[in-house]
Amino acid sequence: MPSVASASPVEVVGAPVSAASDRAAGDTVAHLQSRIRQMQATKLDARTIPTHPAIAALLPGGGLQQGSVYSVAGSGTLLMALLAAPSAAGSWCGVVGVPEFGLEAAQRFGIELERLVLVPHPGDQWIAVTAAVADALSVVVMRPPKRASDGAITRLAARLRQRGSTLIVLGTWPQSEAMLTLSESDWSGIGEGHGHLESRQATVTVTSRLGGRPRSARLWLPDRAEEFRRVTPGIATPGIATPARTAPAAPDRIMPDRIVAAG
C-alpha cells in the first residue's frame with residue numbers, strides 16, 4: 001500500500017505496488033493535495049514564476065512560465081538552481097522519479113525542504129503520478145523512465161495549463177518551451193592533485209522551441225559560497241583560484257553534496 005511518510009521536513013510519497021492499491025493511492029494523493037493547498041504560502045498571480053536572475057535572462061519570456069514545460073539535459077546542479085528561486089518565494093516543489101535527489105545539497109542551494117515533496121518511485125503510472133502532483137504543487141521535476149505516448153503528453157500539457165504548474169523534465173520532452181544544457185565546465189579547488197572541488201564555472205545554453213539563436217551565459221554553479229550567479233569577466237572572486245580543470249559537457253550528479261577528487 002502506498003504511504004505518505006514524514007521524512008521531516010520533506011514529504012515522501014510511495015508508489016503503488018499493485019493495481020489493487022490504486023484506490024488507496026488516489027486517496028493518499030488527494031489527502032496530500034488538500035494539505036498542501038491549506039499550507040501553500042503564496043498564490044502566484046503572474047504568468048512568470050520567480051526565476052534566478054542569472055538564468056531568467058536566457059529563458060523565453062524572461063523566466064519560467066506557469067503552465068509550461070522545460071527540459072534540463074543531465075545537470076542536477078542546474079536543476080537545483082531552477083528550483084531554488086520559486087521555492088524561496090513560497091512555492092511548493094515536487095520531484096518525481098529521481099530517487100537520488102540530494103536533500104543536503106538542495107537545502108544548501110536554497111530549496112526549502114518544508115515545501116518539498118518527493119515521489120522517488122512513481123512506478124508504471126508515472127505520467128498519472130506527475131499529473132496528480134502538478135495538481136497541488138507549483139513546480140514539478142520529473143524524469144521520464146521511457147517515452148510517453150503522444151496522447152499522454154498532450155493530456156499532461158493540458159493539465160499543466162489548467163493548474164498553472166511548471167514542469168521541469170530531466171531529459172528531452174516533445175512540448176518543452178526550452179532546453180537548458182551545460183557545457184565548458186571548469187572546477188576549482190583540487191589543489192595539488194587532491195582535495196575538494198569547491199566551485200565551478202559553466203556555460204548554460206538555452207535553446208527555445210520557437211527558434212532563433214540559442215542564448216548562453218557563463219555562470220558560477222556554484223561559487224565557493226554555494227551561490228549561483230553570473231561570471232563577471234576580468235573580476236576575480238576572493239579565495240577562488242584558477243580553475244583546476246576543464247571538463248566537456250559531462251552530466252553532473254543529482255546529489256552534489258560533496259565532490260572529492262584524488263590525484
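Treating the Cα atoms of the stretch 91-176 as identical point scatterers in vacuum, please give the log10 of the normalised Debye intensity I(q)/I(0) at q = 0.13, 0.18, 0.23, 0.26 Å⁻¹, two decimals. Each listed q corresponds, in turn, to -0.39, -0.74, -1.17, -1.43. Other residues with beta-carbon under 11 Å from the beta-carbon of PRO60 carry, at +1 per Lys or Arg and -1 per Asp or Glu, a net charge of +1.
Work through the residues other than THR51 whose Cβ is under 15 Å from its Cβ and net out their charges, Lys, Arg +1 and Asp, Glu -1. Summing Lys/Arg as +1 and Asp/Glu as -1 gives +3. With Cα atoms as the point set, the radius of gyration and Dmax of the stretch 67-119 evaluate to 10.5, 29 Å.
In loop segments of the stretch 72-147 as defined by DSSP, the trypsin sites (Lys or Arg not before Pro) with at most 14 further C-beta atoms inside 10 Å of their C-beta are LYS146, ARG147.
Every read-out reported here was derived from the displayed coordinates using simple, explicitly stated rules and does not represent laboratory data. Nothing here was measured: the structure is a model prediction, and the numbers come from that model. Cβ coordinates were reconstructed from backbone atoms using ideal geometry, including for glycine residues, and neighbour counts include every protein chain displayed.
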